[in-house]
Amino acid sequence: MKVLVVDDERAIRNVMKELLMDEGYQVEVAEDGAAALEKAEKDRFDVIFCDIKMPGMEGTEVLAKLVEEGIETPVVMISGHADIATAVDCMHKGAFDFIEKPLDLNRILVTIKNATDKANLVKEVKILKKKVYGRQMIGESAPIRHVRELIEKVAPTDARVLITGPNGCGKELVAQSLHQQSKRSAMPYIEVNCAAIPSELIESELFGHKKGSFTSAVKDHKGKFEQADGGTLFLDEIGDMSLAAQAKVLRVLQEKKLTPVGGDKDIEVDVRVIAATNKNLREEIEKGHFREDLYHRLSVIPIRVPSLDERKDDIPMLVQYFTEEYCAKVGKPVREFSPEAIALLQEKEWPGNIRELQNVVERLLILGGNPISTQDVKDYVNN
């Protein structure tokens, strides 16, 4: 755990550094506000202790700058001339806590623990929200606005939806949005990547199995349809599903019943099915790889997600979103892209769509300058 101590008095800096290092912390010191900001911008600290009364830039100014630059490290203000008004003012400006001099080691250690506990909790909540809700649909271009309008109309119904579009364009975000805005939003949302499951296991994965139905079936297993009962089942890459599994999915859609592998009793399920594919299912039907009757059952409402090349006006917003997301993940201040660098990214073709853009943004943030320049784009982005 790394701590930054900011104080213009050498004696206090050294005492705090020695005490905290004895407790196992990594400690860096800064003698004024400018040095503190430079260190905080370059490195990641778990807690910052900052004196209020300092020549040049006072501690409250340092605090304001840290907040302004999006540095989320908890800041503890320290002062030998404390009063309640000063403490309240610091808390309003974003300080985590306020400690009076002379400093007490036990109070310092408790404050560090509380600050890091809160920071970890905030981080866990962000991760949990991301797992539950996924990323947002970013953009205001005409194609993405059309998709949003369709979602708003279709989500409150139980109509089945077939989402199409190239790899990496955000089909899973459309499925998540349909569930979140539906009447089933409080019930389970289960995702299945049909392409990632071996054909011999897809039926067991979707419909479950009974103990002893095959060699590795050592206990009963509840399938994804049953797990999603009352909620939404998202069948991603459904174009890769075997014909045998397609027949069983069709039966569930028609009769709202399923039979687990090795089972002899039907199980009733109430599931809204949303499917997605990057394949042309009409061509797959002609080739005999996909059932036409299942296609018509799934595509009550078709939604096509545009490629990134069809919505390049959204690239500036997407770059900003991915930049903020990455910087928050690594605990660094948000970086900037020059307008010229953004314009160059908009000129590029994006066969990998949103996923490719996200990877490029992270690469530029790691390897490029601040702000990211056109030269950085030329050096680190393949044409």
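Worth a mention:
- So residue 296, is it in the same structural domain as residue 224 (by TED's automatic domain parsing) and in a loop (DSSP other than H, G, I, E, B): no
- If the condition is being assigned to a strand (DSSP E or B) and either touching a residue at least 60 places away in the same chain (Cβ under 8 Å) or on the phi > 0 side of the Ramachandran plot (or both), then region 41-57 contributes only 47.
This table checks each residue for (1) outside any strand (DSSP E or B); (2) under 30 Å from residue 352 (Cα atoms).
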residue: 205; (1), (2): yes, yes
residue: 245; (1), (2): yes, yes
residue: 264; (1), (2): yes, no
residue: 303; (1), (2): no, yes
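- Per-region count, region 353-382, residues of a type in the set (Lys, Arg) and touching a Gly at 6+ places or on another chain (Cβ under 7 Å): 1
- Note on region 1-30: residues that are under 17 Å from residue 73 (Cβ atoms), hydrophobic (A, V, I, L, M, F, W, C) and surrounded by 19 or more Cβ atoms within 10 Å (Cβ to Cβ) amount to 9.
- On the stretch given as region 306-323, residues that are touching a Ser or Thr at 6+ places or on another chain (Cβ under 7 Å) and either outside any helix (DSSP H, G or I) or surrounded by fewer than 21 Cβ atoms within 10 Å (Cβ to Cβ) (or both) total 2.
- Residues (in a helix (DSSP H, G or I) and among the hydrophobic types (A, V, I, L, M, F, W, C)) located in region 247-261: 247, 249, 250, 252, 253
- Residues being within 19 Å of residue 159 (Cβ to Cβ) and either touching a strand residue (DSSP E or B) at 6+ places or on another chain (Cβ under 7 Å) or at pLDDT 95 or above (or both) - total across region 231-249: 7
- Selection count where residues are among the charged types (D, E, K, R) and farther than 22 Å from residue 13 by Cα, scope region 58-105: 6
- Residue pairs meeting the criteria (Cβ under 9 Å; at least 6 apart or on separate chains; first free of Cβ contacts under 8 Å to residues at least 12 places away in the same chain, in region 242-265; second outside any loop (DSSP other than H, G, I, E, B)): 251/257; 251/258; 255/268
- Hits in region 31-82 - residues which are more than 24 Å from residue 1 (Cβ to Cβ), hydrophobic (A, V, I, L, M, F, W, C) and surrounded by fewer than 18 Cβ atoms within 10 Å (Cβ to Cβ): 34, 57, 64, 82
- Taken over region 72-102, residues that are of a type in the set (A, V, I, L, M) and farther than 20 Å from residue 20 by Cβ amount to 6.
- Restricting 221, 179, 209 to those that are over 23 Å from residue 289 (Cβ atoms), assigned by TED's automatic domain parsing to the domain that holds residue 262, surrounded by 21 or more Cβ atoms within 10 Å (Cβ to Cβ) and without any contact (Cβ under 8 Å) to a residue 60 or more places away in the chain reduces the list to 209.
The values are calculated or read from the model by the stated rules, or taken from the named source; none is laboratory data. Keep in mind it's a predicted model, so treat the numbers as computed, not measured. Don't worry about glycine lacking a Cβ; one is built from the backbone with ideal geometry, like all the others, and counts go over all protein chains shown.
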